[in-house]
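Take a look at the structure set out below.
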Amino acid sequence: MAAECSQHPAVLISLHHPLSALMTKIIHIDMDAFFASVEQRDNPAFRGRPLAVGQADGRGVVAAASYEARRYGVRSAMSSSKARRLCPDLIFTDCRFDVYKAVSAQIHEIFHRYTDIIEPISLDEAFLDVTENFAGMTYAVDIAREIKQSIRRELSLVASAGVSYNKFLAKIASDYRKPDGLCVIPPERAPDFVAKMPVESFWGVGPVTAAKMHSLGIYTGADLRNFSVSELRLHFGKAGSQYYNFARGIDNRPVESVRIRKSVGCERTTDADITTLDAARALVDELCIDLERRLAGKSFDGTTLTLKLRFGDFTTISRSTPLADTPLTADALAEAFRAILDKAFDARRSIRLIGVAVVNNRPDTHTDSRQLLLDI
């Protein structure tokens, strides 16, 4: 009925759980080193070698790293200069987003053989609700295994899969034995499994939150379970309730096959730090031209403008202003974002990245006319 965990990449905590016909069955598919794997697949010279997808020169950032590169500590979002220091033999190749999107569409075609209840998280990962599935298969693990095999056979790529009765556990399971992992967490194993997991593995726990948890003596799911929901809300706000539930293997969020877009934006890392307000304003103007183009045809009716600034020391701030009722042209956007920038700019701090975004989409709206409100 159940198999023990092993060191083999295809780890099954449980295969055919006796209650599987009665509970929700969620699969999380996560492509392994997706961008880099596509590049290695398409270029034999990259195979088996440390590879980074991204810009090698100037202020470049690693968008993705192959597993060969990860052994040296190279990670996505790392500066290219640091990546080269860690791995002098690192190969860089440019991003080909159109190719990655096309491959992602092929992967989703495989998903749709089993269900239309699919929630994309990014190009390389998604949740699938296979409680009822087109193949009429009883066990979600069998579907996950078939999906992995189809992706390998048809696309020459490798995916990891996690299977459980909710999204939180399915995602943890897919990360458990990457790459090429297959892990199932049934209800009776969930409490012990979660208790042993480091809090860094929990959904929504980034480096800052993890450090705060460590300061409270919380390092694992078991430690987290020792805190009441009121204590966690005191320290972490609304997220405290979610952490309380996660520590107990509870996650009632459904797989949402139609996701509402929450923002449209663009950002740019500069080749050299910006030190003057005029230079920052000029970049904002350029970004707003791109933002107008991205907003066109998206039927996106946001409520807020958000400016993002990353300084030379890598600290990041964001500043927002509400908007309502005027066409979102590049000129109107630039005027609004300049007003935000003027208040946020600090001549003592150089800027390495600026981002602009329209956020908080309003559902069920049918007007495209808005006016920008500049009170911040």
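What the table shows:
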read-out: Span-rule helices in the chain, defined as complete DSSP H runs reaching 24 Å or more along the axis (Cα) with Kyte mean at least -1.0; value: 277-295
read-out: Under 15 Å between alpha carbons - lysine pairs in the chain that sit 8 or more apart or on different chains; value: 5
read-out: Projected label distance in nm at Glu286 and Lys196, using a 7 Å step from Cα toward the beta-carbon; value: 5.1
read-out: Kirkwood Rh, Cα atoms: Rg over Rh of the chain; value: 0.99
read-out: Value of [θ]222 nm, deg cm²/dmol, for the chain, DSSP H segments ≥ 4, -39500 (n - 2.57) each, nearest 500; value: -10500 deg cm²/dmol
read-out: Spacing of the two label points (7 Å from each Cα toward its C-beta) at Ala222 and Tyr72, in nm; value: 3.8
read-out: Segment Leu234-Ala135, length gained on full extension (0.36 nm per residue, minus Cα span); value: 31.0 nm
read-out: Contour minus Cα-Cα distance for Gln106 and Arg268 (0.36 nm per residue); value: 55.4 nm
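A short reminder: the numbers here are calculations on the coordinates, not readings from a lab. A quick note: this is a predicted structure, and the numbers were derived from the prediction, not measured. Because the Cβ atoms are built from the backbone with ideal geometry, glycine has one as well, and the counts that use them run over all protein chains shown.
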